[in-house]
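J.: What follows is a single structure, and I will ask about it in a moment.
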Amino acid sequence: MRGMPLATPTRDVLLQLAQKLPASPQILLRLDELIADANTSLEDIAKLLRRDASLSARIIRISNSVAYGGGGIASVEEAVARVGFVEVFRLTGLAAAAQLDEQNLTFYAHSGTRLRDNTLVTALAAEILAKRLEIDPRAAYAAALLRSMGKLVLESFVRRTFSPERHYSRSGVPALITWERDLVGMTNADVAATVLESWKFPATITDPIRDHYLLEPVHGPHARAALLLNIAAGIACDAGFSLPGEAMYWDLTLEKLQSAGLTPEDIAPVADAATEAFEAIKPSL
């Protein structure tokens, strides 16, 4: 039996720390609502995206990439007009993930750029898989974009609570989840789901995030979405975009694939498409 965690943050502390993160998750949630509203105008979307200056700057930069037709875009309005209402969610997600390169996770033993790249490849793979499995692709894409948000919150907590000797890389514990539970008594997936639920994100996003490490059998209406997110993370890992301590959770077993409605032959084309899409937008990040 494992011992008690060294220090466990309260829910209020987690939510306070989450408020210090970039506003892009809340913007994604509101953007999804606007896209679903037939009365939404281009100006409504542009006004929302302009709320975060860093995010809007990245949207403009990415919209000028070869992947989106080259240069000439000087404003958020022009970016939205070029890509359209449906594609703007994907574009905004790319820009939101690009912000992760500013976040170095020293206790988790990796850079913000590594987290950014893992997040983007996972999200692109999740979107492709969702379309194949007839699962809401925006929800799958958003869940993949936000799946590691709990790490950012816990990084803030452990950085102010523990000495560097408690870094994951110095712990000698190979499994990331075991290290988290020993240290703070919870997982980064638990934290992400808790924060997103407090921000009124739907269960189509929060449940798959909470369950995607598949620490125990998953059930309920969003079980396939959790499997999809796990498989997408496995695709990113196998493509060379792994994060420390996570590879053991992503084994692409035949049982897992069949439960999701996939075959082993489905994986390589998804991996190729996701990495190709990532490489196309990477220079603009």
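Bear in mind these aren't lab numbers, they're just calculated from the coordinates by the rules spelled out. Everything quoted here is computed from the prediction, not taken from an experiment. Don't worry about glycine lacking a Cβ; one is built from the backbone with ideal geometry, like all the others, and counts go over all protein chains shown.
J.: Say we join alpha carbon atoms closer than 10 Å with springs in a Gaussian network model of the chain; which of Ser163, Ser259, Ser65 then has the biggest fluctuation?
T.: Fluctuation is largest for Ser163.
J.: Give the angle, between 0 and 90 degrees and rounded to the nearest 10, that separates the Cα long axis of helix 53-63 from the longest principal axis of the Cα atoms of the chain.
T.: 60
J.: With viscosity set to 0.692 mPa s at 37 °C, what whole-number translational diffusion coefficient in µm²/s follows for region 153-196 from Stokes-Einstein and a Kirkwood radius over Cα pairs?
T.: Values: Rh = 10.9 Å.
The Stokes-Einstein estimate is 302 µm²/s.
J.: Another question, then. Take Glu155, Glu87, Glu255 and order them by how many other Cβ atoms sit within 10 Å, fewest up front.
T.: Working: Glu155 18, Glu87 13, Glu255 8.
Sorted ascending by nearby Cβ count, the order is Glu255, Glu87, Glu155.
J.: Moving to a separate point now. Which cross-chain or sequence-distant (5 or more) residues have an amide H under 5 Å from the amide H of His110, H modelled 1.01 Å from N in plane?
T.: Leu105
J.: OK, next. For Met186, Met248, which order do you get if you count the other beta carbons within 10 Å of each Cβ and list the fewest first?
T.: Details: Met186 18, Met248 12.
Ordered by Cβ neighbours within 10 Å, fewest first: Met248, Met186.
J.: For region 21-102, what is the relative contact order in percent, using Cα pairs closer than 8 Å and at least 6 residues apart in sequence?
T.: It rounds to 33 percent for region 21-102.
J.: Could I ask something else about it? P(r) for region 21-102, please, calculated from all Cα pair distances in 10 Å bins and given in %.
T.: In whole percents, the pair-distance histogram is 19, 58, 22, 1.
J.: On a 0 to 90 degree scale, rounded to 10, what angle separates helix 149-161 from the longest Cα axis of the chain?
T.: 50
J.: Would you work out which of Ser163, Ala239, Gly84 lies farthest towards the positive end of the dipole of the chain? Charges go on Cβ: Lys and Arg +1, Asp and Glu -1.
T.: Positive-most Cα among the choices belongs to Ser163.
J.: Tell me, His219, His110 in order of fewest to most beta-carbon neighbours within 10 Å? Working shown, then result.
T.: Working: His219 9, His110 19.
Ranked by crowding around the Cβ, least crowded first: His219, His110.
J.: With θ set to phi - 60° and the Karplus curve 6.51 cos²θ - 1.76 cosθ + 1.60, what are the ³J(HN,Hα) couplings of region 134-141 in order, to the nearest whole Hz, using x for Gly and Pro?
T.: 3J(HN,Hα) across region 134-141, in whole Hz: 6, 9, 3, x, 5, 5, 5, 5.
J.: Pick out which of Ile128, Ile231, Ile59 has the largest mean-square fluctuation in a Gaussian network model of the chain, springs linking Cα atoms closer than 10 Å.
T.: Ile128
J.: Then there is this: Taking Cα pairs under 8 Å and at least six residues apart, what relative contact order does the chain come out at, in percent?
T.: Details: 386 pairs, mean separation 63.0, N = 285.
That works out to 22 percent.
J.: Also: Calculate for the chain the 222 nm mean residue ellipticity that helices alone would give, adding -39,500 (n - 2.57) per DSSP H run of length 4 or more and normalising by residue count, nearest 500 deg cm²/dmol. Working shown, then result.
T.: Working: 15 runs with 182 residues, N = 285.
My calculation for the chain gives -20000 deg cm²/dmol from helical runs alone.
J.: Let's see if you can work this out: charge +1 on each Lys and Arg Cβ, -1 on each Asp and Glu Cβ, no other charges. What is the dipole magnitude of region 21-102 about its Cα centre, in debye to the nearest 20? Before the final figure, lay out the partial values.
T.: Details: 8 positive and 11 negative charges, 33 e Å.
Computed about the Cα centre, the dipole is about 160 debye.
J.: Binning every alpha carbon pair distance of the chain at 5 Å from zero, what are the percents per bin?
T.: Bin by bin from 0 Å, the calculated values are 1, 6, 13, 17, 19, 17, 13, 8, 4, 2, 0, 0, 0.
J.: Something else about it: Could you give the size of the charge dipole of region 49-92 about its Cα centre, using +1 on the Cβ of each K and R and -1 on the Cβ of each D and E, expressed in debye and rounded to the nearest 20?
T.: Values: 6 positive and 4 negative charges, 23 e Å.
Dipole magnitude for region 49-92 comes out near 120 debye.
J.: Taking the Cα atoms only, what angle lies between the long axis of helix 223-238 and the longest principal axis of the chain, rounded to 10 degrees?
T.: With rounding to tens, the tilt is 90 degrees.
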